[in-house]
């Protein structure tokens, strides 16, 4: 039921809070965690207009940085006895999460979200999380502030 | 983290599916379940126009029926070692769930939902669940078909 967890993270406080729930499910039969970070390509075309480096260079740096953070989380999870798979994807966060949900055939998704949902488009993790809840096929545990 | 679970049920297949997740959390430190059924008062004023009995009579019957179903779920949960509290409330389902969430100071809410959310207003459990996810303060596990 909680065997294979998809845990998408943007390395925010909210995501860290959700990670605590992931760890807690070890005792409920959870065995494997798919650790997912999506590099949001949607912002990159804007970014490239102002950046001195090319998009490929920026992406490479973002990927390296993400990898480093993921390695740390992987270490923590492995210490608890989880099997871990790291996936760093590029694209639209919600679409990528749904793609990985299916591709990895996970049992459940655990994700953090900012407090109460507002309709402000700026609440990125918020809107991504709520969209995910609506569109996912598998159960979603959404952890708020 | 999963100590006190709020489990709202409308006795649907989706709610039954969510119940399986409630039971599974026993091993993750869950101790108590607040079993909640909300008799949706919103539909009752319409109903009373067509019914031969008065609203109080209809409510009483609904309550008795709900109590019977709740007793059965309570028995199942107690067999697994859970402490159980039964609450039957009347009103707007989402508002009542949020009220009980706060009143009972639960750790997490586990609720069923129909498949992919559509915007059809007829998808009652759907819209109630998604509203709950948006407005709840505590983590919500939403279990789909």
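The values are calculated or read from the model by the stated rules, or taken from the named source; none is laboratory data. Only a predicted model underlies this, so the values are computations on that prediction, with no experimental measurement involved. Using ideal geometry, Cβ is built from the backbone for each residue, glycine included, and neighbour counts are taken over all protein chains shown.
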Sole residue being in a helix (DSSP H, G or I), within 14 Å of chain A (Cβ to nearest Cβ) and in contact with a helix residue (DSSP H, G or I) (Cβ under 8 Å, 6 or more places away or on another chain), chosen from B:59, B:77, B:98: B:98
Subset tally (residues that are at the interface with chain B (Cβ under 9 Å from one of its Cβ atoms), part of a loop (DSSP other than H, G, I, E, B) and either more than 16 Å from residue A:34 (Cα to Cα) or at pLDDT below 90 (or both)) for region A:122-145: 3
Pick from region A:1-56, criterion within 13 Å of chain B (Cβ to nearest Cβ) and loosely packed, with under 14 Cβ neighbours inside 10 Å, ranking: modelled with the lowest pLDDT: A:29
Any hit, region A:106-121, residues being more than 10 Å from every other protein chain (Cβ to nearest Cβ), modelled with pLDDT of 95 or more and farther than 19 Å from residue A:11 by Cβ: yes
